[in-house]
Amino acid sequence: MAKQLSVKQNMLWNTSGSMVYLVCQWLITVFVVRLSDGYDAAGVLALGMAVSNIFSPIGYFKVRAFQVSDLNEEYSAGQYLAFRLLSTAAAFMCMIVYATVTCANDSIPAVVAYCAYSCVPIIADVYQGAAQQKNRLDVAGKDLTARGILSLIAFCGGMVITHSLLVSLIIMTLVTGAVVLFYLPRSLKRVIGAYSIDFAKAKMVALFVACLPAAVALVFAGSIPSIPRQILGTMFGASALGAYASVASPVVVVQMGAQYIYSPLLSSFAQCYLAKDTSGFLRLFAKVFVAIIVLAAVSLIGFAWFGEWALCLIYGDSIRDYSYLLLPLVCCTICTAFLWFLGDLLVVVRDMKGNLVCFSVAFVVCAVCSYPMLVAFGLNGASFATMAGLIAGSVLCFVRLLLSMRS
(Lines give C-alpha, C1' and ligand atoms only; values in the text may rest on other atoms or scores of the structure.)
Protein backbone atom coordinates (compact mmCIF):
# COMPACT_ATOMS: atom_id res chain seq x y z
CA MET A 1 0.00 0.00 0.00
CA ALA A 2 1.27 3.51 -0.86
CA LYS A 3 2.51 5.90 1.83
CA GLN A 4 -0.18 8.01 3.45
CA LEU A 5 -0.08 11.80 3.41
CA SER A 6 -0.39 14.12 6.38
CA VAL A 7 -3.62 15.98 7.15
CA LYS A 8 -2.01 19.23 5.97
CA GLN A 9 -0.91 17.68 2.67
CA ASN A 10 -4.37 16.20 2.10
CA MET A 11 -6.02 19.56 2.77
CA LEU A 12 -3.67 21.35 0.39
CA TRP A 13 -4.23 18.83 -2.40
CA ASN A 14 -8.01 18.84 -1.91
CA THR A 15 -8.29 22.63 -1.71
CA SER A 16 -6.00 23.40 -4.66
CA GLY A 17 -7.64 20.81 -6.92
CA SER A 18 -11.15 21.88 -5.98
CA MET A 19 -10.37 25.56 -6.56
CA VAL A 20 -8.92 24.90 -10.02
CA TYR A 21 -11.93 22.77 -10.93
CA LEU A 22 -14.47 25.31 -9.71
CA VAL A 23 -12.77 28.22 -11.48
CA CYS A 24 -12.68 26.26 -14.74
CA GLN A 25 -16.37 25.36 -14.43
CA TRP A 26 -17.22 29.01 -13.84
CA LEU A 27 -15.13 30.07 -16.84
CA ILE A 28 -17.12 27.71 -19.03
CA THR A 29 -20.26 29.70 -18.18
CA VAL A 30 -18.39 32.85 -19.21
CA PHE A 31 -16.94 31.52 -22.46
CA VAL A 32 -20.24 30.03 -23.61
CA VAL A 33 -21.40 33.63 -24.00
CA ARG A 34 -18.14 34.95 -25.40
CA LEU A 35 -17.79 32.22 -28.02
CA SER A 36 -21.36 32.14 -29.31
CA ASP A 37 -23.78 34.53 -30.96
CA GLY A 38 -26.30 35.80 -28.47
CA TYR A 39 -27.39 34.07 -25.27
CA ASP A 40 -29.13 31.00 -26.67
CA ALA A 41 -26.21 28.65 -25.98
CA ALA A 42 -25.82 30.06 -22.48
CA GLY A 43 -29.51 29.49 -21.84
CA VAL A 44 -29.37 25.87 -22.98
CA LEU A 45 -26.24 25.29 -20.90
CA ALA A 46 -27.99 26.75 -17.85
CA LEU A 47 -30.97 24.49 -18.55
CA GLY A 48 -28.67 21.47 -18.68
CA MET A 49 -27.14 22.46 -15.36
CA ALA A 50 -30.58 22.88 -13.80
CA VAL A 51 -31.76 19.44 -14.95
CA SER A 52 -28.52 17.85 -13.77
CA ASN A 53 -28.71 19.50 -10.35
CA ILE A 54 -32.18 18.08 -9.74
CA PHE A 55 -31.10 14.45 -10.10
CA SER A 56 -27.39 14.47 -9.22
CA PRO A 57 -28.21 13.67 -5.55
CA ILE A 58 -29.54 10.31 -6.75
CA GLY A 59 -26.12 9.62 -8.26
CA TYR A 60 -24.15 10.71 -5.23
CA PHE A 61 -26.62 9.09 -2.78
CA LYS A 62 -24.59 10.61 0.08
CA VAL A 63 -22.12 7.74 -0.14
CA ARG A 64 -18.90 9.80 0.12
CA ALA A 65 -19.11 10.64 3.85
CA PHE A 66 -20.18 7.05 4.57
CA GLN A 67 -17.35 5.65 2.46
CA VAL A 68 -14.46 7.70 3.86
CA SER A 69 -15.53 6.84 7.42
CA ASP A 70 -15.82 3.11 6.66
CA LEU A 71 -12.39 2.39 8.15
CA ASN A 72 -13.28 -1.22 8.95
CA GLU A 73 -14.03 -1.70 5.23
CA GLU A 74 -17.49 -3.14 5.72
CA TYR A 75 -17.78 -2.56 1.98
CA SER A 76 -14.88 -2.90 -0.43
CA ALA A 77 -13.74 -0.23 -2.86
CA GLY A 78 -15.09 -2.42 -5.67
CA GLN A 79 -18.52 -2.53 -4.03
CA TYR A 80 -18.62 1.24 -3.55
CA LEU A 81 -17.71 1.62 -7.23
CA ALA A 82 -20.37 -0.85 -8.29
CA PHE A 83 -23.04 0.91 -6.23
CA ARG A 84 -22.01 4.30 -7.64
CA LEU A 85 -22.26 3.00 -11.21
CA LEU A 86 -25.80 1.81 -10.48
CA SER A 87 -26.84 5.06 -8.79
CA THR A 88 -25.28 7.13 -11.57
CA ALA A 89 -27.11 5.12 -14.22
CA ALA A 90 -30.39 5.69 -12.33
CA ALA A 91 -29.68 9.42 -12.05
CA PHE A 92 -28.82 9.70 -15.74
CA MET A 93 -32.00 7.90 -16.78
CA CYS A 94 -34.03 10.31 -14.62
CA MET A 95 -32.25 13.25 -16.26
CA ILE A 96 -33.04 11.94 -19.75
CA VAL A 97 -36.71 11.35 -18.98
CA TYR A 98 -37.12 14.73 -17.28
CA ALA A 99 -35.33 16.57 -20.11
CA THR A 100 -37.45 14.79 -22.72
CA VAL A 101 -40.68 15.73 -20.95
CA THR A 102 -39.88 19.31 -19.91
CA CYS A 103 -37.38 20.75 -22.41
CA ALA A 104 -37.95 22.12 -25.91
CA ASN A 105 -37.13 19.57 -28.62
CA ASP A 106 -34.25 21.57 -30.08
CA SER A 107 -32.53 21.84 -26.69
CA ILE A 108 -32.89 18.21 -25.58
CA PRO A 109 -29.67 16.87 -27.26
CA ALA A 110 -27.46 19.51 -25.63
CA VAL A 111 -29.21 19.17 -22.26
CA VAL A 112 -28.72 15.39 -22.31
CA ALA A 113 -25.09 15.89 -23.37
CA TYR A 114 -24.49 18.12 -20.35
CA CYS A 115 -26.22 15.58 -18.12
CA ALA A 116 -23.82 12.93 -19.41
CA TYR A 117 -20.93 15.26 -18.62
CA SER A 118 -22.29 15.82 -15.10
CA CYS A 119 -22.18 12.06 -14.46
CA VAL A 120 -18.39 12.04 -14.85
CA PRO A 121 -17.66 13.82 -11.53
CA ILE A 122 -20.26 11.63 -9.79
CA ILE A 123 -18.26 8.54 -10.74
CA ALA A 124 -14.95 10.27 -10.00
CA ASP A 125 -16.19 11.11 -6.49
CA VAL A 126 -16.23 7.48 -5.35
CA TYR A 127 -12.67 6.90 -6.62
CA GLN A 128 -11.60 9.96 -4.64
CA GLY A 129 -13.39 8.59 -1.57
CA ALA A 130 -11.53 5.28 -1.83
CA ALA A 131 -8.24 7.19 -1.97
CA GLN A 132 -9.29 9.41 0.95
CA GLN A 133 -9.88 6.29 3.07
CA LYS A 134 -6.11 5.77 2.80
CA ASN A 135 -5.29 9.45 3.37
CA ARG A 136 -4.28 10.02 -0.25
CA LEU A 137 -6.22 13.08 -1.41
CA ASP A 138 -3.41 13.89 -3.82
CA VAL A 139 -5.27 11.49 -6.14
CA ALA A 140 -8.37 13.70 -5.86
CA GLY A 141 -6.39 16.94 -6.24
CA LYS A 142 -4.69 15.78 -9.43
CA ASP A 143 -7.94 14.41 -10.84
CA LEU A 144 -9.85 17.64 -10.15
CA THR A 145 -7.07 19.77 -11.62
CA ALA A 146 -6.81 17.64 -14.75
CA ARG A 147 -10.56 17.44 -15.35
CA GLY A 148 -11.03 21.14 -14.67
CA ILE A 149 -8.37 22.30 -17.10
CA LEU A 150 -9.19 19.71 -19.77
CA SER A 151 -12.91 20.45 -19.62
CA LEU A 152 -12.25 24.16 -20.15
CA ILE A 153 -9.84 23.54 -23.04
CA ALA A 154 -12.17 20.99 -24.65
CA PHE A 155 -15.21 23.24 -24.35
CA CYS A 156 -13.48 26.35 -25.69
CA GLY A 157 -11.81 24.38 -28.48
CA GLY A 158 -15.10 22.82 -29.47
CA MET A 159 -16.89 26.17 -29.53
CA VAL A 160 -14.13 27.86 -31.54
CA ILE A 161 -13.87 25.07 -34.12
CA THR A 162 -17.49 23.92 -34.47
CA HIS A 163 -19.57 26.78 -32.97
CA SER A 164 -21.80 24.00 -31.63
CA LEU A 165 -22.72 23.70 -27.97
CA LEU A 166 -23.74 20.06 -28.46
CA VAL A 167 -20.43 19.06 -30.04
CA SER A 168 -18.46 21.00 -27.41
CA LEU A 169 -20.29 19.23 -24.59
CA ILE A 170 -19.70 15.83 -26.18
CA ILE A 171 -15.96 16.57 -26.53
CA MET A 172 -15.82 17.80 -22.94
CA THR A 173 -17.54 14.62 -21.73
CA LEU A 174 -15.18 12.34 -23.67
CA VAL A 175 -12.05 14.15 -22.49
CA THR A 176 -12.98 14.24 -18.80
CA GLY A 177 -14.38 10.72 -19.01
CA ALA A 178 -10.96 9.56 -20.22
CA VAL A 179 -9.40 10.91 -17.01
CA VAL A 180 -11.85 8.88 -14.92
CA LEU A 181 -11.45 5.83 -17.12
CA PHE A 182 -7.66 5.75 -17.29
CA TYR A 183 -6.10 7.90 -14.55
CA LEU A 184 -8.28 7.20 -11.51
CA PRO A 185 -8.37 3.36 -11.66
CA ARG A 186 -4.58 3.17 -12.04
CA SER A 187 -3.99 5.71 -9.29
CA LEU A 188 -6.36 3.91 -6.94
CA LYS A 189 -4.64 0.60 -7.66
CA ARG A 190 -1.32 2.11 -6.59
CA VAL A 191 -2.94 3.30 -3.35
CA ILE A 192 -5.00 0.28 -2.25
CA GLY A 193 -3.65 -2.54 -4.41
CA ALA A 194 -5.60 -4.73 -6.82
CA TYR A 195 -9.39 -4.46 -6.73
CA SER A 196 -12.35 -5.34 -8.93
CA ILE A 197 -15.84 -3.92 -9.30
CA ASP A 198 -18.20 -6.12 -7.26
CA PHE A 199 -21.96 -6.05 -7.85
CA ALA A 200 -22.74 -8.47 -4.98
CA LYS A 201 -26.52 -8.14 -4.60
CA ALA A 202 -26.58 -8.42 -0.82
CA LYS A 203 -23.96 -5.67 -0.47
CA MET A 204 -25.72 -3.40 -2.96
CA VAL A 205 -29.01 -3.71 -1.08
CA ALA A 206 -27.32 -3.22 2.30
CA LEU A 207 -25.49 -0.09 1.11
CA PHE A 208 -28.71 1.28 -0.38
CA VAL A 209 -30.56 0.77 2.92
CA ALA A 210 -27.67 2.22 4.95
CA CYS A 211 -27.34 5.40 2.88
CA LEU A 212 -31.02 5.95 2.04
CA PRO A 213 -31.80 8.17 5.09
CA ALA A 214 -28.80 10.41 4.38
CA ALA A 215 -29.70 10.51 0.68
CA VAL A 216 -33.21 11.69 1.52
CA ALA A 217 -31.67 14.19 3.93
CA LEU A 218 -29.58 15.46 1.03
CA VAL A 219 -32.78 16.23 -0.87
CA PHE A 220 -34.08 18.19 2.13
CA ALA A 221 -30.73 20.01 2.35
CA GLY A 222 -30.95 21.11 -1.27
CA SER A 223 -34.54 22.19 -0.80
CA ILE A 224 -33.97 24.40 2.27
CA PRO A 225 -32.94 27.54 0.32
CA SER A 226 -35.37 26.81 -2.51
CA ILE A 227 -38.63 27.25 -0.57
CA PRO A 228 -38.10 30.87 0.58
CA ARG A 229 -36.78 31.78 -2.87
CA GLN A 230 -39.88 30.40 -4.55
CA ILE A 231 -42.13 32.33 -2.16
CA LEU A 232 -39.98 35.44 -2.70
CA GLY A 233 -40.51 35.12 -6.45
CA THR A 234 -44.26 34.80 -5.98
CA MET A 235 -44.49 37.78 -3.64
CA PHE A 236 -42.00 40.20 -5.22
CA GLY A 237 -41.67 39.01 -8.83
CA ALA A 238 -39.05 37.41 -11.06
CA SER A 239 -36.86 40.52 -11.16
CA ALA A 240 -36.46 40.59 -7.37
CA LEU A 241 -35.76 36.86 -7.33
CA GLY A 242 -33.13 37.31 -10.05
CA ALA A 243 -31.42 40.06 -8.07
CA TYR A 244 -31.48 37.95 -4.90
CA ALA A 245 -30.01 34.93 -6.72
CA SER A 246 -27.32 37.11 -8.33
CA VAL A 247 -26.21 38.50 -4.97
CA ALA A 248 -26.27 34.99 -3.48
CA SER A 249 -24.05 33.48 -6.16
CA PRO A 250 -20.63 34.82 -5.05
CA VAL A 251 -21.10 34.01 -1.35
CA VAL A 252 -21.25 30.25 -2.04
CA VAL A 253 -17.45 30.36 -1.94
CA VAL A 254 -17.71 30.63 1.88
CA GLN A 255 -19.52 27.28 2.12
CA MET A 256 -17.00 25.72 -0.25
CA GLY A 257 -14.17 27.01 1.90
CA ALA A 258 -15.71 25.38 4.96
CA GLN A 259 -16.08 22.08 3.14
CA TYR A 260 -12.42 22.23 2.12
CA ILE A 261 -11.57 22.57 5.82
CA TYR A 262 -13.50 19.60 7.19
CA SER A 263 -13.91 17.14 4.30
CA PRO A 264 -10.31 15.84 4.42
CA LEU A 265 -10.73 15.28 8.18
CA LEU A 266 -13.76 12.97 8.08
CA SER A 267 -11.52 9.89 8.13
CA SER A 268 -9.71 11.30 11.18
CA PHE A 269 -13.05 11.80 12.93
CA ALA A 270 -13.93 8.18 12.09
CA GLN A 271 -10.61 6.95 13.51
CA CYS A 272 -11.29 8.74 16.81
CA TYR A 273 -14.84 7.42 16.94
CA LEU A 274 -13.86 3.81 16.27
CA ALA A 275 -11.07 4.02 18.84
CA LYS A 276 -13.58 5.48 21.35
CA ASP A 277 -11.23 8.46 21.65
CA THR A 278 -13.86 10.97 22.72
CA SER A 279 -11.33 13.62 23.75
CA GLY A 280 -9.53 13.33 20.40
CA PHE A 281 -12.84 13.57 18.55
CA LEU A 282 -13.85 16.67 20.50
CA ARG A 283 -10.41 18.30 20.05
CA LEU A 284 -10.67 17.78 16.29
CA PHE A 285 -14.22 19.09 16.38
CA ALA A 286 -13.08 22.20 18.25
CA LYS A 287 -10.33 22.86 15.71
CA VAL A 288 -12.74 22.63 12.79
CA PHE A 289 -15.32 24.73 14.63
CA VAL A 290 -12.77 27.48 15.30
CA ALA A 291 -11.51 27.31 11.70
CA ILE A 292 -15.05 27.80 10.35
CA ILE A 293 -15.61 30.68 12.81
CA VAL A 294 -12.41 32.34 11.58
CA LEU A 295 -13.50 31.80 7.97
CA ALA A 296 -16.89 33.30 8.85
CA ALA A 297 -15.31 36.37 10.46
CA VAL A 298 -12.93 36.95 7.55
CA SER A 299 -15.81 36.48 5.06
CA LEU A 300 -18.10 38.92 6.86
CA ILE A 301 -15.37 41.56 7.06
CA GLY A 302 -14.32 41.02 3.45
CA PHE A 303 -17.85 41.18 2.06
CA ALA A 304 -18.67 44.17 4.26
CA TRP A 305 -15.71 46.10 2.88
CA PHE A 306 -15.55 44.91 -0.72
CA GLY A 307 -18.86 43.14 -1.37
CA GLU A 308 -20.73 46.01 -3.01
CA TRP A 309 -17.73 46.86 -5.20
CA ALA A 310 -17.38 43.20 -6.26
CA LEU A 311 -21.07 42.88 -7.08
CA CYS A 312 -20.99 46.02 -9.23
CA LEU A 313 -17.86 44.77 -10.97
CA ILE A 314 -19.53 41.46 -11.83
CA TYR A 315 -23.09 42.57 -12.58
CA GLY A 316 -22.91 46.33 -13.15
CA ASP A 317 -24.25 49.29 -11.15
CA SER A 318 -27.83 48.05 -11.36
CA ILE A 319 -27.10 45.53 -8.59
CA ARG A 320 -26.01 48.24 -6.15
CA ASP A 321 -29.57 48.73 -4.85
CA TYR A 322 -29.57 45.09 -3.72
CA SER A 323 -26.18 45.03 -2.00
CA TYR A 324 -27.93 45.17 1.38
CA LEU A 325 -28.82 41.51 0.81
CA LEU A 326 -25.18 40.48 0.90
CA LEU A 327 -24.30 40.12 4.59
CA PRO A 328 -27.45 38.16 5.56
CA LEU A 329 -26.66 35.82 2.67
CA VAL A 330 -23.10 35.40 3.96
CA CYS A 331 -24.56 34.46 7.35
CA CYS A 332 -26.84 31.96 5.57
CA THR A 333 -23.86 30.36 3.90
CA ILE A 334 -21.99 30.10 7.21
CA CYS A 335 -25.01 28.42 8.82
CA THR A 336 -25.21 26.05 5.86
CA ALA A 337 -21.56 25.12 6.34
CA PHE A 338 -22.17 24.28 10.01
CA LEU A 339 -25.24 22.16 9.24
CA TRP A 340 -23.43 20.21 6.51
CA PHE A 341 -20.42 19.68 8.78
CA LEU A 342 -22.54 18.40 11.67
CA GLY A 343 -24.65 16.32 9.30
CA ASP A 344 -21.56 14.61 7.87
CA LEU A 345 -20.37 13.88 11.42
CA LEU A 346 -23.67 12.12 12.10
CA VAL A 347 -22.93 9.96 9.05
CA VAL A 348 -19.45 9.27 10.44
CA VAL A 349 -20.93 8.03 13.74
CA ARG A 350 -23.58 6.15 11.72
CA ASP A 351 -26.57 8.05 13.09
CA MET A 352 -28.23 7.97 9.69
CA LYS A 353 -31.78 8.39 11.02
CA GLY A 354 -30.63 11.35 13.10
CA ASN A 355 -29.15 12.91 9.98
CA LEU A 356 -32.50 12.60 8.22
CA VAL A 357 -34.45 13.96 11.20
CA CYS A 358 -32.18 17.00 11.56
CA PHE A 359 -32.33 18.00 7.90
CA SER A 360 -36.07 17.42 7.71
CA VAL A 361 -36.59 19.62 10.78
CA ALA A 362 -34.41 22.30 9.19
CA PHE A 363 -36.55 22.12 6.05
CA VAL A 364 -39.84 22.34 7.95
CA VAL A 365 -38.70 25.28 10.10
CA CYS A 366 -37.49 27.12 7.01
CA ALA A 367 -40.75 26.46 5.14
CA VAL A 368 -42.89 27.61 8.09
CA CYS A 369 -40.87 30.79 8.62
CA SER A 370 -40.57 31.82 4.96
CA TYR A 371 -43.82 33.71 4.42
CA PRO A 372 -43.91 35.64 7.73
CA MET A 373 -40.21 36.50 7.43
CA LEU A 374 -40.66 37.82 3.89
CA VAL A 375 -43.65 39.90 5.00
CA ALA A 376 -41.70 41.33 7.94
CA PHE A 377 -38.27 41.87 6.35
CA GLY A 378 -38.80 42.02 2.59
CA LEU A 379 -36.22 40.25 0.43
CA ASN A 380 -33.95 39.66 3.42
CA GLY A 381 -36.74 37.58 4.89
CA ALA A 382 -35.68 34.73 2.60
CA SER A 383 -32.25 34.76 4.22
CA PHE A 384 -33.65 34.99 7.75
CA ALA A 385 -36.06 32.10 7.13
CA THR A 386 -33.23 30.00 5.71
CA MET A 387 -31.06 30.81 8.73
CA ALA A 388 -33.86 29.86 11.11
CA GLY A 389 -34.11 26.41 9.54
CA LEU A 390 -30.35 25.93 9.37
CA ILE A 391 -29.82 26.94 13.00
CA ALA A 392 -32.62 24.65 14.19
CA GLY A 393 -31.13 21.76 12.23
CA SER A 394 -27.60 22.49 13.46
CA VAL A 395 -28.65 22.59 17.12
CA LEU A 396 -30.49 19.29 16.73
CA CYS A 397 -27.47 17.78 14.90
CA PHE A 398 -25.19 18.83 17.73
CA VAL A 399 -27.48 17.27 20.34
CA ARG A 400 -27.69 14.01 18.35
CA LEU A 401 -23.91 14.00 17.96
CA LEU A 402 -23.37 14.37 21.72
CA LEU A 403 -25.82 11.53 22.38
CA SER A 404 -24.03 9.32 19.86
CA MET A 405 -20.65 10.07 21.45
CA ARG A 406 -21.97 9.21 24.93
CA SER A 407 -23.38 5.90 23.71
Cα pair distances of the chain binned at 20 Å [whole percent]: 25, 61, 14, 0
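At a 1.4 Å probe radius, which order do Trp26, Trp340 fall into by accessible area, largest first?
Output order, biggest surface exposure first: Trp26, Trp340.
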C-alpha center-to-center spacing [segment 170-232, segment 38-67] in angstrom: 13 Å
Cα shape, segment 344-407, gyration tensor, a/c 1.5 rule: prolate
Residues in segment 333-348 that a label on Phe377 would reach, taking backbone N under 14 Å of a point 7 Å out along Cα→Cβ: 333-336
Cβ-Cβ FRET estimate between Arg34 and Ala275, R0 fixed at 60 Å, reported to 0.05: 0.65
Protection-proxy order for peptides 299-307, 8-16, each taking the mean of Cβ atoms within 10 Å per residue, highest first: 8-16, 299-307
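If the limit is 27 Å between Cα atoms, which of Lys201/Lys353; Lys8/Lys353; Lys142/Lys276 go over it?
Violating the 27 Å limit, Cα to Cα: Lys8/Lys353; Lys142/Lys276.
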Positive-end residue of Thr278, Leu85, Val23, charge dipole of the chain with Cβ unit charges: Thr278
For segment 1-52, accessible area per residue (1.4 Å probe, heavy atoms of protein chains only), Å²: 59 Å²
The chain: relative contact order as a whole-number percent, Cα under 8 Å and 6+ apart: 20 percent
Accessible area of segment 302-373 belonging to carbon and sulfur atoms, whole % at 1.4 Å probe: 70 percent
Lys62 accessible area, assembled protein chains, probe 1.4 Å, Å²: 30 Å²
Inter-label distance for Ile153 and Val364, nm, one decimal - labels placed 7 Å from Cα along Cα-to-Cβ: 5.2 nm
Hull shadow area, averaged, segment 235-369 [alpha-carbon convex hull, nm²]: 9.4 nm²
Residue with peak Gaussian network fluctuation, the chain [Cα springs, cutoff 10 Å], from Asn380, Asn72, Asn53: Asn72
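Contact order normalised by length for segment 142-227, with contacts defined as Cα pairs under 8 Å and 6 or more residues apart; what percent is it?
22 percent
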Share of carbon and sulfur in the accessible heavy-atom surface of segment 23-141 [1.4 Å probe, %]: 63 percent
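What length, rounded to one decimal in nm, is gained on full extension from Lys3 through to Phe289, with 0.36 nm per residue of separation minus their alpha-carbon distance?
Values: separation 286, 0.36 × 286 = 102.96 nm, distance 2.89 nm.
Separation in residues times 0.36 nm, less the Cα-Cα distance, equals 100.1 nm.
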Lys, Arg +1 and Asp, Glu -1 on Cβ, resulting dipole of the chain about Cα centre, debye, nearest 20: 1220 debye
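Quick check: with the 1.4 Å probe, what order do Arg400, Arg136, Arg84, Arg320 take by accessible area, largest first?
Putting Arg400, Arg136, Arg84, Arg320 in descending order of accessible area: Arg320, Arg400, Arg136, Arg84.
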Pairwise label distance in nanometres, Asp198 with Trp309, each label 7 Å out on the Cα-Cβ vector: 5.7 nm
Residue-normalised accessible area of segment 267-315, expressed per residue, 1.4 Å probe, Å²: 61 Å²
Contour minus Cα-Cα distance for Leu282 and Arg406 (0.36 nm per residue): 43.5 nm
Area accessible to solvent at Tyr315, 1.4 Å probe radius, in Å²: 80 Å²
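The values are calculated or read from the model by the stated rules, or taken from the named source; none is laboratory data. Remember, it's a predicted structure, so these values are computed and weren't measured experimentally. Heads up, the Cβs are rebuilt from the backbone with ideal geometry, glycines too, and the neighbour counts pull from every protein chain shown. When the accessible area is computed, the model is the full protein with side chains, heavy atoms only, and any ligands, DNA or RNA have been set aside. Shrake-Rupley method; radii C 1.70, N 1.55, O 1.52, S 1.80 Å.
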